[in-house]
Each structure stands twice: as C-alpha cells, then as structure tokens.
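The structure under discussion appears below in the form of structure tokens.
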Amino acid sequence: MENFFTLTGVAIFALMLPILYRIIVGPTAIDRIVAVNMIGTKTMVLLIIIGMLFKRVDMFVDFALTYALLNFIGSLAAARFFDRVNPEKQIAKLETKEQES
Amino acid sequence: MINEIICIVMVLSGLLFFVGGAIGIIRFPDFYTRMHAAGKGDTMSVFLILMGMAIYQLNDFSLANLLVAGKIFFITIFIMWAGPTSTHALIKAGIDEGQKVWTRKDEKGDPEA
Amino acid sequence: MYRLSIFLLLFGIWIVFSGQFDGFHLTLGVLSAAFITAISSSFLFVDRSKGFGDRLREIVLLPGFLLWMLYQILLSNIHILKLAFSSGDIPEVQPSLVRIKTNLRTDFGKWMLANSITLTPGTITISIEGDELLIHSISKATTEGVMDDSMERKIARIFEPESK
C-alpha cells in the first residue's frame, strides 16, 4: 500500500508538468492564473498523500485544508484584479462580434 | 482488505480524470474551453482521490481516524463548493478582460489566440 | 431559533477541526462559536420568512438532489476525458455563448442553478444579470441540453415550490 501511495504521488507530480507548460507558454496572463489554480489543487492532494506516507495524516490534513483555502482566495483575488473594464460593454461587444462572423 | 481495494479503484479513477484535465488544458483551443477542462476535471478527481484516502483511513477504526476522515470530508465539500465559484470568477475576469471567443467558423484564426 | 442552529453548526465544525475533548478546548469552542454567531449570524439563512415546514422539506429533498448532482459531475468529467482524447483538431468543440431565462426569484435559487449548470457536462455559467444567465457552451449538443428546464424545475421543487 505504501508503494501504491508513492506511485500515486509521482503520477500527480508528473501531471503537473503539462500544466507547467501552460504556465510558461500560456498566451495571456489569465491562462497562467487558471493553470496555477489547477496546480494548487493538485498540490493539496499531494500534501495528503505525503501525510499518508509519513503516517501523520492528522497533521498534514490541516496543511491541506489551509492550502485549499489560500488557493481559493488567491484565485478570487486574481480574478478581482481583472475586474476593471466595464463588464456590460465587453459582453455586448463580444456578442455582436459573434453574430457578425 | 476490501477497504484497500475500494481505495485503489477510487484513486486510480481520480488519476484518470486528472489526466483528462491536464491533456484538455494543453489541447483545447481558447481560454473558455480550457476553463471547462480546468473547472470540471478537478472537482470529480479530487472528490474520488480524497474519498479513497478517507476510506483507507477508516481501515483500523478509532476516534482519531474518524476525526481525520471527517476533516478530509470537509476538504472535499469545500472543494466541490469552491470549484464552481472560482470558475465563475475567473471566466468573468476573462470576459471583462476581452478574451476572444474561438469559434469553428473562422478557420484562418490562430487557434492558440 | 436560527441563531441556535447556526451556533450548533459552528460548534460541530469546531469539534471536528480541533479534535480535543478536554474542558479547556470545549470552552474555547463555545466562546468562539458564540462570538461568531453574535457578530455575523445574518450571513447564513438570509431568507428568515420561511417556516419550519419549508426548511424540513429542503433538508429531506436536498440529499437526493446532491446525489443527482454527483452523477452529473461524473458525466461531465467523462465528457471532458472523451474530448481530450479525441483525435485531430477536436471536431466536437464548437463553442458558443447562449442566454437563457430563469423563473427562479431568490438569489440562492439562482446561485444554485448557476453552480448546477457549471457542473453539468459542457456548460459554464459566466454571469447572472437579473433573470438572465449568460452561458458558455462547448458544443451543439450541450447547447440543446441546457435549453430545456428540467434542472430548473428540480431546483424550484426544493427551494421555491410556490413559483412553478
């Protein structure tokens, strides 16, 4: 069972690499924010797996909870940062562009 | 023993959904479709993996293990509630920033843009 | 009545998170739960005009809805998985913006509908403006799926039975 958890942790770490590609290449800033949010979720799962390996889940589960809260608040704050342009105007512009094409 | 089998099956299927999200975020053409992969691929896989861990934790039953399983359950509930909310916030930010909606019709348009 | 139930909820969360059952920690828990109930109990259960019977019906009907929701999340993940592994330049992806009207009146009902639409296959709610929802849909089939109002009727049956 230990080996299984180790392999799961390695697999989750390997799954972070494609998302890292999106962070490096990602054409706009908000793509990068989404990718960072996804990596944060995976890190939270990884923390619980590390706790399983060290047999101290009671301690690591608190870290994971804090990490999940910080990840959520961080993505909300980053989204708030982009909330400067007039929303109604932008949505109207997008829809007219779509009808024309 | 039965707990370990359930745990292994749940963790493996969660990893499969993680793979789907990770491949989706590379291959999908624009920001909004990537948001689909990011927002949905994570919710179910986190639910499956953490629930598998909680079931494995309940293998030798005691009060401390029950409390740990309860905390893992709280994290799962939080993720399932926070995932859609941050998805709304980020996709609203994308609209406000003026991201273009990629459509099938304009073949000339750069799919990465 | 509402204050008491919020207090019990917070105290239960305290017990699960602290994991200590001696007198000192329980006293701290009672004090902090009472403090939070005193300063911010109006954030939870905003609509206080509902009677006891309405709340009871919500409690009885909500687990079934959540199980149905879990099944929908599973379906949407399989949908994403299928799209991610399809070959070529993913011909199923034909994104479009859709506007739908809703008959739900309360903010909580609209929030529930928006989250449910986000978690069902292929659709994401972008914003709620009055009684209209702006939705990004990933393909033709999911656009048709979001047009029928079966999910809205499910939510209305739980939270607003008089409005249908």
It is to be established whether one or more residues within region C:100-110 are of a type in the set (S, T, N, Q), within 14 Å of chain B (Cβ to nearest Cβ) and under 26 Å from residue C:67 (Cα atoms). no
Close pairs (8 angstrom Cβ cut-off, 6 or more residues apart or separate chains): farther than 10 Å from residue B:45 by Cα in region B:1-27, open to solvent by 40 Å² or more (accessible area, probe 1.4 Å) and outside any helix (DSSP H, G or I) anywhere: B:3/B:58; B:3/B:59; B:4/A:1; B:4/B:59
Working carefully through the options C:122, C:29, find the one that is open to solvent by less than 10 Å² (accessible area, probe 1.4 Å) and over 26 Å from residue B:90 (Cα atoms). C:29
May I ask you to list the residues in region B:46-103 that are among the hydroxyl-bearing types (Ser, Thr, Tyr) and either more than 7 Å from chain A (Cβ to nearest Cβ) or part of a loop (DSSP other than H, G, I, E, B) (or both)? B:56, B:62, B:76, B:85, B:87, B:103
Scanning region C:125-141 for residues that are facing chain B (nearest Cβ under 7 Å) and more than 18 Å from residue C:106 (Cβ to Cβ), which turns out modelled with the lowest pLDDT? C:138
Selection status of residue B:16, under 24 Å from residue C:76 (Cα atoms) and away from chain C (no Cβ under 11 Å): no
Hey, could you check region B:76-103 for residues that are surrounded by fewer than 19 Cβ atoms within 10 Å (Cβ to Cβ) and among the charged types (D, E, K, R) and say which is farthest from residue B:33 (Cα to Cα)? B:97
Condition met for residue A:63 (open to solvent by 60 Å² or more (accessible area, probe 1.4 Å), at pLDDT below 85 and among the aromatic types (Phe, Trp, Tyr)): no
Of all the residues that make up region A:35-56, how many are at the interface with chain B (Cβ under 7 Å from one of its Cβ atoms) and open to solvent by 10 Å² or more (accessible area, probe 1.4 Å)? 3
For region A:1-29, enumerate the residues that are free of Cβ contacts under 8 Å to residues at least 24 places away in the same chain and more than 30 Å from residue B:98 (Cβ to Cβ). A:1, A:3, A:4, A:7, A:10, A:11, A:14, A:17
Consider only pairs whose beta carbons are under 6 Å apart and that are at least six residues apart or on different chains; among these, list those whose first residue lies in region A:30-41 and is under 21 Å from residue B:100 (Cβ atoms) and whose second residue is open to solvent by 30 Å² or more (accessible area, probe 1.4 Å). A:32/A:23; A:35/A:23
Number of the condition not met by residue B:32 [criteria: (1) within 7 Å of chain C (Cβ to nearest Cβ); (2) out of contact with any His (no Cβ under 8 Å at 6 or more places or on another chain); (3) over 17 Å from residue A:65 (Cα atoms)]: (2)
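The values are calculated or read from the model by the stated rules, or taken from the named source; none is laboratory data. Predicted, not measured: the structure shown is a model, and the values here were computed from it. Neighbour counts are summed over all protein chains in view; Cβ atoms, including those assigned to glycine, are modelled from backbone coordinates with ideal geometry. The area values use the complete protein model at the heavy-atom level, side chains included, leaving out ligands, DNA and RNA. Shrake-Rupley method; radii C 1.70, N 1.55, O 1.52, S 1.80 Å.
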